[in-house]
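What follows is a short report on a single structure.
The values are calculated or read from the model by the stated rules, or taken from the named source; none is laboratory data. Here the structure is a predicted model, which is why all the values come from computation and not from measurement. Here the Cβ positions follow ideal geometry from the backbone for every residue, glycine too, while neighbour counts run over all protein chains shown.
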Amino acid sequence: MTDAIKTKKSDDLIGWYNNVLIESGMMDFSAVKGFPVYRPYGYEIWERIVEYLNKRFRELGVKNAYFPLLIPESILSKESQHIKGFTPEVAWVTKGGDRDLDERLAIRPTSETIMYDSYSKWIKSYRDLPMLINQWNTVVRWETKETRLLLRGREVLWQEGHCVFETAKEADANAIAMTKIYRDVMEKILAVPVFYGMKSEAEKFPGAEKTYTVETATPNNFMIQSATSHNLGQNFSKAFEIKFIDRQNNWQYVYQTSWGISMRSIAAMVMVHGDDNGLVLPPAVAPIQVVIIPIVKDDKKKEKILVYALEIKKKLDAMGIRAHLDDRDDQSPGWKFHQYDLLGVPIRLDIGEREEGSRTVSAKLRFDGSKDTFEEKNLIEIADKLGDIQSQMFENARLSASKKVEEISDKAEFIRKLKKDEKIVKAAWCGREECEGKIKEETGAISRCIPLDNEKMISEKCVYCGEHAIYNAYFSHTY
RNA sequence: GGGGUGGUGAUCUAGCUUGGUAUGAUGCUAGCUUCGGGGGUUAGCAGUCCUGGGUUCAAAUCCCAGCCACCCCA
């Protein structure tokens, strides 16, 4: 028996989660702490996310580029809040061969500084704006203790977009627009519902005026930050002297944004959709969308069945469906069923004597276990079915996410529910850093997200400190 | 930052208390038989017992340090 999933999702979420990522072949550990390996099955899921985002970015006129891995200390240190936020977790290069470097070089923890050093040379006039650049890369943040597959690693695969505008208004609109693209990739591609909104003062990006966020509710009532988008205002343009001559012939500092989504988004998808048998992948990202398992009882009929199975596969290929025919004869059908359950393949087609005889295929859907039969001549229905699965998975997840949230205005209840992770709590809040610190201390939870829409206030007063509340906010633990 | 648990063929694991030839299963290779939810069988292959140091006639086993993973607390 190959080692299937030994831990139940409901018993031990993180144990189960690690198990699924390793056993499915998505990821593996490497010789270096916090630097895992993304194996083909996991990386292909990421590639589908990249593909979708590149298309959306291009529509907005964002161009891809690539900036250096290493940042001189003097440049990294230019924006004071920024350096303060990142210093504790920067990895440094101090030697070239045997020789000590004159100035040590940071391995980028994020690229604002090295990119804006170039931007200051490139931007001279309002005619150079907006400048919309993205890069796909990895960043290194030296987490000292807990590292977790996809959730908290030292090397993070992501994209970081860095846009420059003439006005504050454009910059804020851009930061929000990107958050919506992230919401789309989560909801439409990964079938994971999100909460999106603003970060609190304490939780915002070092050096940002405002940080917008896309968060996902996990089965244990935590929230995972999948993507963030920052309105940097003029904080960096002042530090890096990024100035332009405006339409009235005056020198102005530019307004900037930066935004990123990482492979952590995949962690959210695994946790939301997976079950005790392994991964459950939404069709939009599944490396294999349909797997065909030939069932051969009588060796004399083997040839006929395989010919038919291959025919079906070719028809699916022609429809643009990612189909795989597993005709290995060294594994039994039962073994294959379990294997493809673990891999989360959305649709499994069993093809044996019965199907070959009636020119049909027997289908089993991974996400709800339901069975179906398709006629060969109506095979196109399988494409529709994949679409149905995608939207049904999202609807199911949305329903379950909405049940996790509870609006609370009583302080004792607020503390109790957060301490036990009984609910994700939504409450009226004052937004003060001091108040957030105390909440964290008492419950272990922090504010995750402040909804952007003008919502009706749950209460006039802050649920925790009783001061005047300025908005509603979601609170939970996080990874 | 503090504390804890674990690391044995590719994988999971017994052995560790009480030091003395490394246990079983999965896997892999070659057959035969099977195949509609992890099938059976025969033969073979497969191990720096995480790394380094110490104690000892002798270390997977005891001691120390490190690495990796996981858990709890701040």
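The numbered conditions (1) in the same structural domain as A:Arg39 (by TED's automatic domain parsing); (2) on the phi < 0 side of the Ramachandran plot are all true for A:Lys301 except (1).
Tell me whether segment A:433-443 contains one or more residues that are within 25 Å of the chain's Cα centre (by Cα) and crowded, with 21+ Cβ neighbours inside 10 Å. No: zero hits. Every residue in segment A:278-328 that is in a loop (DSSP other than H, G, I, E, B), within 16 Å of RNA strand B (Cβ to nearest atom) and farther than 13 Å from A:Arg348 by Cβ, please. Result: A:Leu279, A:Val296, A:Lys297, A:Asp298, A:Asp327, A:Arg328. From the list A:Leu151, A:Leu129, the one residue that fits, being under 16 Å from A:Thr228 (Cα atoms) and either under 25 Å from the mean Cα position of the chain (by Cα) or assigned by TED's automatic domain parsing to the domain that holds A:Pro68 (or both), is A:Leu151. Restricting segment A:365-395 to residues that are touching a residue at least 24 places away in the same chain (Cβ under 8 Å) and near RNA strand B (Cβ under 10 Å from one of its atoms), the residue that is farthest from A:Met319 (Cα to Cα) is A:Arg366. Of A:Val62, A:Val37, A:Val50, all but one fail to be touching a strand residue (DSSP E or B) at 6+ places or on another chain (Cβ under 9 Å) and within 12 Å of RNA strand B (Cβ to nearest atom); the exception is A:Val37. When each of A:Lys204, A:Lys188, A:Lys210, A:Lys180 is tested for being without any contact (Cβ under 8 Å) to a residue 24 or more places away in the chain and either surrounded by fewer than 22 Cβ atoms within 10 Å (Cβ to Cβ) or touching a Gly at 6+ places or on another chain (Cβ under 9 Å) (or both), the lone residue that passes is A:Lys180.
Can A:Thr87 be described as within 16 Å of RNA strand B (Cβ to nearest atom), in a helix (DSSP H, G or I) and either at pLDDT below 90 or over 30 Å from A:His273 (Cα atoms) (or both)? So A:Thr87 passes the test.
Screening segment A:185-233 for strands (runs of 3 or more DSSP E) wholly inside it with 1 or more residues that are of a type in the set (Asp, Glu) returns the ranges A:210-217. Is segment A:261-281 home to any residue that is farther than 30 Å from A:Lys364 by Cβ and touching a helix residue (DSSP H, G or I) at 6+ places or on another chain (Cβ under 8 Å)? Yes, segment A:261-281 has at least one match. One residue stands out in segment A:330-360 among those that are aliphatic (A, V, I, L, M) and within 8 Å of RNA strand B (Cβ to nearest atom): the one that is surrounded by the most Cβ atoms within 10 Å (Cβ to Cβ), namely A:Ile351. Listed conditions (1) in contact (Cβ under 8 Å) with a residue 40 or more places away in the chain; (2) farther than 29 Å from A:Tyr17 by Cα are all met by A:Leu151, apart from (2).
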